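Single-structure report; data block below.
A short reminder: the numbers here are calculations on the coordinates, not readings from a lab. Note that the structure is a prediction, hence the values are computed from the model and not measured. Note that each Cβ is placed from the backbone with ideal geometry, even for glycine, and that neighbours are counted across all protein chains shown.
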Amino acid sequence: MIGHGSGNTRSTKNRNPILIYYEAYDDKYLALKREKGLKDSGSVYMSLMKRLDLK
């Protein structure tokens, strides 16, 4: 996260990202499953954005 915040990574080099939300998981499998669900399903992603009042 420090690398992303300081712009030291290629994906965030020209942007100034801020953390607005995170989910913590004890199990890496469950975390990856959730991430895949958010990326693969537009309805899951939009539901989260609506809940966070971002879209």
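Net charge near Ala24: determine it from the other residues with C-beta under 13 Å of the C-beta of Ala24, scoring Lys and Arg +1 and Asp and Glu -1. After counting each charged neighbour, the total is -2. If R0 is 30 Å, the Cβ-Cβ spacing of Asp53 and Ala24 corresponds to a FRET efficiency of close to 0.90.
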